[in-house]
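Heads up: the structure comes next, in structure tokens.
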Amino acid sequence: MSTEQPRRSRWFIMLMGFLALFQGGAAVRVLHIAPDLAAQITLSLALEFVVSLLWTGTAALTARALWLRRAAAGRQARAVLIGFVGYSLLRLILFAQAPYDRGRLPFLLVVGGLLCASLVVPWLLRHVYAYRALNGDES
């Protein structure tokens, strides 16, 4: 059994830190929205506040797990990033009303899909190659 600790990924730690800060800022922003502007927003501000806090906590805990080199922290970071991209796109699909937001939706879907693929494909290929190496498959 190997006693090596998992590699500490600075990129994932920075991404999780930025996500935690960004979502913490979003939670604070919700608290300072003027009442007349709040009446025009379709998404519940209380729900947006709670979800922002959940993303803040999730990203912060994932950054901590990465920093401490926990075994599954890399997978956890990928899952958090993919989940956040999916959440952001779903929120935009459901609640975007302005023509500008609707117009940029196809572009954001493509970018979100590419981002998710860039997180999943290298991990998947590493596991496929490792599986083949263990089983002696040369193809």
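The values are calculated or read from the model by the stated rules, or taken from the named source; none is laboratory data. This structure is a prediction, so every number in the text was calculated from the model and none was measured. Cβ sites come from the backbone with ideal geometry, for glycine too, and all protein chains shown count toward neighbours.
Values for this structure:
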item	result
Any helices (runs of 4 or more DSSP H) falling wholly within the range 20-115 and containing at least 2 residues that are in contact with a Lys or Arg (Cβ under 9 Å, 6 or more places away or on another chain) and within 30 Å of residue 10 (Cα to Cα)	45-67, 73-95
Search result, residues across the range 45-73 that are in contact (Cβ under 8 Å) with a residue 40 or more places away in the chain, small (Gly, Ala, Ser) and over 12 Å from residue 22 (Cα atoms)	63, 71, 73
When residues of the range 61-81 are limited to those that are of a type in the set (D, E, K, R) and farther than 19 Å from residue 24 by Cβ, the one nearest to the chain's Cα centre (by Cα)	78
Residue that is farthest from residue 96 (Cα to Cα) [pool: residues in the range 26-67 that are modelled with pLDDT under 95, surrounded by fewer than 16 Cβ atoms within 10 Å (Cβ to Cβ) and among the β-branched types (Val, Ile, Thr)]	33
Flag for residue 125 being surrounded by 10 or more Cβ atoms within 10 Å (Cβ to Cβ) and either closer than 30 Å to residue 44 by Cα or in contact with a Pro (Cβ under 9 Å, 6 or more places away or on another chain) (or both)	no
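Residue by residue, here is whether (1) within 17 Å of the chain's Cα centre (by Cα); (2) surrounded by 11 or more Cβ atoms within 10 Å (Cβ to Cβ); (3) farther than 24 Å from residue 83 by Cβ; (4) among the aliphatic types (A, V, I, L, M) holds:
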residue	(1), (2), (3), (4)
94	no, no, no, yes
103	no, no, yes, no
106	no, no, no, no
109	yes, yes, no, yes
115	yes, yes, no, yes
135	no, no, yes, no
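Residue-wise test of (1) under 27 Å from residue 122 (Cβ atoms); (2) of a type in the set (Gly, Ala, Ser).
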position	(1), (2)
50	no, no
58	yes, no
69	yes, no
75	yes, no
84	yes, no
96	no, yes
106	yes, no
